[in-house]
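The values are calculated or read from the model by the stated rules, or taken from the named source; none is laboratory data. Note that this is a predicted model, so its numbers are computed, not measured. Note that we place each Cβ from the backbone using ideal geometry, even for glycine, and neighbour counts take in every protein chain shown.
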Amino acid sequence: MPTARFRFWPLSLALAIALTGCSDNQTDRGDKTSEAPEPPEYPVTWRFALEEIEGSVQHAYAEALKERIEDRSDGKIEVDIFPYGSLGTSAQLTELVRNGSVSLAFASPGHLANTIPEVGLFTLHYVLPDDPEVTRQVLASPELLDLFEQPYARENMKLLGFVPEGWMAWTANKALRTPEDFDGQRIRTMTSDMAEEAFRAYGAEPSQAPYSQVYSDLQLRKIDGQSNPVFAIEEMDFYEVQSTMTLARPAQFVASVVSNLDWYNALPENQQQWLDNGLKDVAQIAWETQEELNQTRLEKMLEEGHLEVVRLTDAEREAFRQASMPVRDIYLERTGESGQRIFEQLRQLINDTETGSQGSAGSGDGD
Ligand code: 6CS
């Protein structure tokens, strides 16, 4: 167990935070009895809950956002970062943001898709393009955020941005070169039904588990494999208890940054701007960070020699792409018109972006 880097104290802190309520935020919009709102008492603290530990892509993003917001607000806003292990599992973090106990949180679609079925889109394989520059542009586009605004708002969350964290890689105790290689493999997925479907389509026996449980389940052989970006496989030490990592580039790991919707809407204008501008500032930094972390940690694992790395050929990937097609129908059945609209518009957005960025960078394995 990666105890040196990861400790899990879900109940105590989560409870303390739930009891003390959300950040010490302003009342200037909520006080309906006074005509001129009281200026907020500064500094105001915003709590930011992460699904990943220190040193991760989410942590680098949160640190960069904290710096920008604290700078832009001249210290009037303080951002407190809670790395994974200090508050709870992804599902618990989503609850904390929905009930207003934390201001900001990461919420990965793989965990969120039971609550917001539309985000199950990001668990589908071979939907996002191969070209990393196109992917970056699509995920950063305001049009994509608009598509998901309502589904998040329905659950009292404000979608603030999508953060790509790199290609998903599969680890197991054998190479996974063909869909048949998945036959009977017990593969851990994130905690939504949609996340399981991608692997069921290959003949695997998927099961859901929180991130914090994956290492011990692999070590105890309760599961045979799992899927995560390379940087995470290294930092969560999964490579210690798996023999082989297969690079099939099936999907980007995409996280979303969210806040409580009422909290966001009640922010004074200047605070909303500090937040919105801070988010814009960090989008590019996040992209560069994930590229760097995925590359350097791949090199580190290769150097340590624990793990065999298998890169699939285009023909091998094509077999997985074919096998993954029925999962799109499952997504469309579960999301109805709303999912259909989002799926079609995403494809349109990809086409438009590809047309507009012909001649951009190559496949950028980074995986
Ligand atoms: O596999 C998971 O559950 C997690 N993986 C990453 C890289 N980030 C957060 C998520 O919870």
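Selection of segment 70-94 for residues being more than 30 Å from Met168 (Cβ to Cβ) and hydrophobic (A, V, I, L, M, F, W, C) yields only Ile77. Look at (1) under 19 Å from the mean Cα position of the chain (by Cα); (2) touching a residue at least 24 places away in the same chain (Cβ under 8 Å) and you find that Gly225 fails only one, number (1).
Applying a threshold of 6 Å to beta carbon distances and a minimum spacing of six or more residues, or different chains, the list of pairs starting in segment 310-337 at a residue that is surrounded by 17 or more Cβ atoms within 10 Å (Cβ to Cβ) and ending at one that is among the aromatic types (Phe, Trp, Tyr) and not in a helix (DSSP H, G or I) reads Ala323/Tyr202; Ser324/Tyr126. So which residues in segment 62-84 are among the aliphatic types (A, V, I, L, M) and touching a strand residue (DSSP E or B) at 6+ places or on another chain (Cβ under 6 Å)? Listed by number, the residues that qualify are Ala62, Ile69, Ile77, Val79, Ile81. Candidates in segment 42-82 are the residues that are part of a strand (DSSP E or B) and not aliphatic (A, V, I, L, M); of these, the one that is surrounded by the fewest Cβ atoms within 10 Å (Cβ to Cβ) is Thr45. Based on this model, can you work out whether Ser259 counts as hydroxyl-bearing (Ser, Thr, Tyr), crowded, with 22+ Cβ neighbours inside 10 Å and within 16 Å of the ligand (Cβ to nearest atom)? Spelling it out, it is not the case that Ser259 is hydroxyl-bearing (Ser, Thr, Tyr), crowded, with 22+ Cβ neighbours inside 10 Å and within 16 Å of the ligand (Cβ to nearest atom). How many residues does segment 208-240 contain that are more than 13 Å from the ligand (Cβ to nearest atom) and either small (Gly, Ala, Ser) or touching a His at 6+ places or on another chain (Cβ under 9 Å) (or both)? Number of matching residues: 3. Would you confirm whether any residue within segment 167-186 is in contact with a strand residue (DSSP E or B) (Cβ under 6 Å, 6 or more places away or on another chain), surrounded by fewer than 21 Cβ atoms within 10 Å (Cβ to Cβ) and of a type in the set (A, V, I, L, M)? Checked against the condition, which is being in contact with a strand residue (DSSP E or B) (Cβ under 6 Å, 6 or more places away or on another chain), surrounded by fewer than 21 Cβ atoms within 10 Å (Cβ to Cβ) and of a type in the set (A, V, I, L, M), segment 167-186 yields at least one hit.
Residue count for segment 322-356 satisfying the condition of being of a type in the set (Val, Ile, Thr) and more than 23 Å from the chain's Cα centre (by Cα): 1.
Residue-wise test of (1) at pLDDT 55 or above; (2) more than 16 Å from the ligand (Cβ to nearest atom); (3) more than 30 Å from Glu337 (Cβ to Cβ); (4) polar (S, T, N, Q).
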residue	(1), (2), (3), (4)
Ser12	no, yes, yes, yes
Ser23	no, yes, yes, yes
Tyr42	yes, yes, yes, no
Leu50	yes, no, yes, no
Tyr61	yes, no, yes, no
Glu78	yes, yes, yes, no
Gln92	yes, no, yes, yes
Ser101	yes, yes, yes, yes
Leu104	yes, no, yes, no
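For Gln226, the conditions (1) farther than 19 Å from Asp130 by Cβ; (2) out of contact with any Gly (no Cβ under 6 Å at 6 or more places or on another chain); (3) at pLDDT 95 or above; (4) in a helix (DSSP H, G or I) are fulfilled apart from (4). Within segment 110-131, the only residue that satisfies the criterion of being touching a strand residue (DSSP E or B) at 6+ places or on another chain (Cβ under 7 Å) and surrounded by fewer than 24 Cβ atoms within 10 Å (Cβ to Cβ) is Leu128.
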